[in-house]
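Data block below; observations after.
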Amino acid sequence: MVLTGIAGSPGVGVGPAIVLGPRRVTFVQRQVRTSEQEGEIARFRQAVDDAKLELTRLSRGAQPGVARAEVSILEAYTLMLGDELLAEAVERNVRLERQCAEWAVSTAITDFARALAQQEDAYLRERSHDFEFVGERLILALTGASSTRSLPPLDEPSIVIAHDLSSADLLALDPKKILGLATEVGTKTSHTAIVARALELPAVMGADGLVANVISGDVVVVDGLRGTVTLRPSEDTAKSGLVRGEKHLALARQLLCDASRPATLASGERIDLLANIEFATEARAALEHGADGVGLYRTEFLYGGRADLPSEAEQLEQFRRVLEVADGRPVTLRTFDLGGDKPFGRLAPEPQANPALGLRALRLGLKHPEVLTAQLRAMVRASAFGQVRVLVPMVATLREWSDVKRLFAQAVAEVDREGAPRASRIPFGAMIEVPSAAVLADAFARAADFVSVGTNDLVQYTLAVDRTSPGLAALASHFDPAVLRLVSGVRSAASGAGCPASVCGAMAADPLAALLLVGLGYASLSMQPAAIPEVKAALSRVTLDEVREAAREALSRTTADDVEHGLAVSFAPRLFDLLSGDEANAPARARLGAP
Ligand code: PEP
Ligand code: MG
């Protein structure tokens, strides 16, 4: 059985599946033998007692300020835990469906919650969330987990299968034990895919029907080049998957041989290729892939997987590590972009109906100025150790920009008051990733020391396509003419204001799109480290005149397909080996009739 999804991270992984349950409290879906069933039911009963005790302890320990209503809710949950119908459903799932206790609880809760959610009565509909909560308490008690983000340790190298896996969840797993990853939700630009690429793990996102069709232990082929997941493959299919994976690695290794050569066009012009990193530990790999510096350090990952906030000193230490590895090359520290599809850490906003349109990134930072200023202070102090640039995500208005500039000036003044060393000049830049900022690019370019275009969000907000939705991924093309005109407009506005401009979204990592960006006038691109050698090879095969002409032509087109087709006709024959390494670019080749 082959399921088709989206190529999230290149490479091919073959191995036994480990299926993670669908809830925030994750567990392994395991089928049990008849001899184990009584034991599972006993575990469930014990978990009911443990969860009741925990809730009683919570309601007794409630602070005097806690509303009586909240205590009553806890008491109501205790009653729900003892519900006979729930116990019957769980036991039935264990005995008839052979589900382990966690899975049986999850199934029963899903059925109950669904039935309630369909009620006409709003009060009853609301109760479906209460059942979800009760289910989570039970699964927590069963897994013995102390936090809602704990994940099972992986015993042997496995393919991780889940409905959804947040980037924070992925980071909680041991990457050495992951052969590949496949999820039912997410797209190429969702943050889980970004982290998978950072860890160089093959990944497929948006593969519908995955969880219902895979059982832990099944052999699975995750093909992050084609975007497919093959379940229970024949021996030949598994072998050819491994061969494809090895071919991909061989091409990547071959391209790495040129890593130390600067990126230039065939006509001689130099292009700066920088790296997007998520963790300080990636800096070395970035340089090994030939990066001219760090164009985007997503510092929000310092805030995930912990109950407290990272201190200023701790952040400074991480930034210093990157700067030391960068050894004089520029390092762009982006202030935290929490919220959206990265809702983790202490600063996590309340659940929002539309998180991508809610409290995210700079908005969240301005709501917690003391946290943002502490991070800015760490960045200012880090400038003593190398060439620091500070970049602010999701700036939507000039008002926000002046607010954050004020916080930055305050951070600089505080560091100076303490007498701590710092660079005399620290460029302070804005990400252009909200359409409002792209439209006002001339004003931003005059007000900022540099701008960097984040195409992942710019595509999401320009086309109104949720970047995490696999069903809509085909609409989210960075070749869309509306996106191109904005990206081109930012370049012209920045040139007019004498402001350096670069691109740091995933568009820059796609060899065809990278040529287009250079044709539009961008001479600085930042991408995941593994893409640098490929883009460098693509640039070396074309001239500036050619890419300029292709960009001019692209700007005259009216659909994403036409833009992509035009580029493919001009360049795909010359990039064939590179594009075939990443079959996410297959449409371009398919149109040329390539195998
Ligand atoms: C972008 O939006 O293009 C970007 C680089 O930022 P992130 O992917 O972290 O949102
Ligand atoms: Mg972004």
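For segment 189-212, filtered to residues that are of a type in the set (Gly, Ala, Ser) and not in a helix (DSSP H, G or I), the residue that is nearest to the chain's Cα centre (by Cα) is Ser190.
Applying the criterion of being crowded, with 20+ Cβ neighbours inside 10 Å and away from ligand 1 (no atom under 12 Å from the Cβ) to the residues of segment 423-432, the residue that is nearest to the chain's Cα centre (by Cα) is Ala430. Is it the case, given these coordinates, that Pro481 is in contact with a Lys or Arg (Cβ under 7 Å, 6 or more places away or on another chain) and in contact (Cβ under 8 Å) with a residue 60 or more places away in the chain? Yes: the conditions hold for Pro481. Please find, among Phe336, Phe385, the residue that is more than 24 Å from the chain's Cα centre (by Cα) and in the same structural domain as Ser524 (by TED's automatic domain parsing). Answer to the check: Phe385. Total residues in segment 213-248 satisfying the condition of being aliphatic (A, V, I, L, M) and assigned to a helix (DSSP H, G or I): the figure is 3.
Residues in segment 492-506 that are more than 22 Å from Val331 (Cβ to Cβ) and buried (at least 22 other Cβ atoms within 10 Å of the Cβ): Ala493 alone. Looking at Asp169, Asp155, Asp130, which is the one that is of a type in the set (Asp, Glu), at pLDDT below 85 and surrounded by 22 or more Cβ atoms within 10 Å (Cβ to Cβ)? Among Asp169, Asp155, Asp130, only Asp169 is of a type in the set (Asp, Glu), at pLDDT below 85 and surrounded by 22 or more Cβ atoms within 10 Å (Cβ to Cβ).
Being out of contact with any Lys or Arg (no Cβ under 9 Å at 6 or more places or on another chain), open to solvent by 20 Å² or more (accessible area, probe 1.4 Å) and in a loop (DSSP other than H, G, I, E, B) is not true of Ser402.
Within segment 323-342, being without any contact (Cβ under 8 Å) to a residue 60 or more places away in the chain and away from ligand 1 (no atom under 12 Å from the Cβ) holds for Val325, Asp327, Gly328, Arg329, Pro330, Val331, Leu333. For segment 265-291, a residue qualifies if it is over 14 Å from Ala326 (Cα atoms) and open to solvent by less than 20 Å² (accessible area, probe 1.4 Å), and the qualifying residues are Leu265, Ile271, Glu278. In the set (1) open to solvent by 60 Å² or more (accessible area, probe 1.4 Å); (2) part of a helix (DSSP H, G or I); (3) of a type outside the set (Gly, Ala, Ser); (4) at pLDDT 80 or above, Thr107 fails one condition alone, (1). Against the test of being in contact (Cβ under 8 Å) with a residue 40 or more places away in the chain, away from ligand 2 (no atom under 16 Å from the Cβ), over 16 Å from Ala356 (Cα atoms) and of a type outside the set (Asp, Glu), the options Arg417, Arg399, Arg422 yield a single qualifying residue, Arg422. Among the candidates Ala513, Ala474, Ala551, single out the residue that is more than 19 Å from Asp258 (Cβ to Cβ), more than 16 Å from ligand 1 (Cβ to nearest atom) and open to solvent by less than 20 Å² (accessible area, probe 1.4 Å). One residue alone meets the criteria, Ala551.
Residues that are of a type in the set (D, E, K, R) and outside any loop (DSSP other than H, G, I, E, B) within segment 161-188 comprise Asp169, Lys176, Lys177, listed in sequence order.
When Thr455, Thr468, Thr397 are checked against the criterion of being within 15 Å of ligand 1 (Cβ to nearest atom), of a type outside the set (A, V, I, L, M, F, W, C) and open to solvent by 20 Å² or more (accessible area, probe 1.4 Å), a single residue qualifies: Thr468.
For segment 376-396, a residue qualifies if it is touching a Pro at 6+ places or on another chain (Cβ under 8 Å) and polar (S, T, N, Q), and exactly one does: Gln387.
For residues in segment 433-445 being more than 15 Å from ligand 1 (Cβ to nearest atom) and farther than 22 Å from Gly295 by Cβ, which is least open to solvent (accessible area, probe 1.4 Å)? Only one residue tops the list, namely Ala443. Candidates Leu391, Leu407, Leu366, Leu359: the one that is open to solvent by 10 Å² or more (accessible area, probe 1.4 Å), in the same structural domain as Asp272 (by TED's automatic domain parsing) and not in a helix (DSSP H, G or I) is Leu359.
The values are calculated or read from the model by the stated rules, or taken from the named source; none is laboratory data. In this text the structure is predicted, and so the values were computed from the model without any measurement. Note that each Cβ is placed from the backbone with ideal geometry, even for glycine, and that neighbours are counted across all protein chains shown. Note: accessible area is taken over every heavy atom of the protein model, side chains too, but ligands, DNA and RNA are not part of it. Shrake-Rupley method; radii C 1.70, N 1.55, O 1.52, S 1.80 Å.
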